[in-house]
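Below: the structure, in structure tokens.
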Amino acid sequence: MKKNANVPPSDGATSDATVDRYPLVAIRKHCLDCSSGSIKEVKHCPCDGVHSTRCFLWPFRFGKRPKTAAKKYGAEFLDPAAMHEDEKEGKE
């Protein structure tokens, strides 16, 4: 059976060829590099324009399109205002 050439490998491995070919994989790799390899730090990235400076890759940091990531991880992780509200509630 021939593999689909448009789908990145699902085994979690990201070779340089995969990163070059799939922009969302490259964005995810960049975000992991920026956060010292911490998946949790990528999920709670402060570069949303509310907590810190705005990173234009922020909505794509999960390596998925924003609507797909919202379904998988929850819409609050793609809305800077909602993330900010959660922190305010935690402090009170």
Go through segment 20-38 and give me each residue that's out of contact with any Lys or Arg (no Cβ under 9 Å at 6 or more places or on another chain) and within 16 Å of Leu78 (Cβ to Cβ). none
Can you tell me how many residues in segment 21-68 are of a type in the set (Lys, Arg) and within 18 Å of Ala81 (Cβ to Cβ)? 4
Which residues, taken from segment 29-49, are in contact (Cβ under 8 Å) with a residue 24 or more places away in the chain and assigned to a loop (DSSP other than H, G, I, E, B)? His44, Gly49
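Each value in this text was obtained by applying a stated rule to the coordinates, not by laboratory testing. Quantities reported herein were computed from a predicted structural model and do not represent experimental measurements. Positions of Cβ are backbone-derived with ideal geometry, glycine not excepted, and every protein chain shown enters the neighbour counts.
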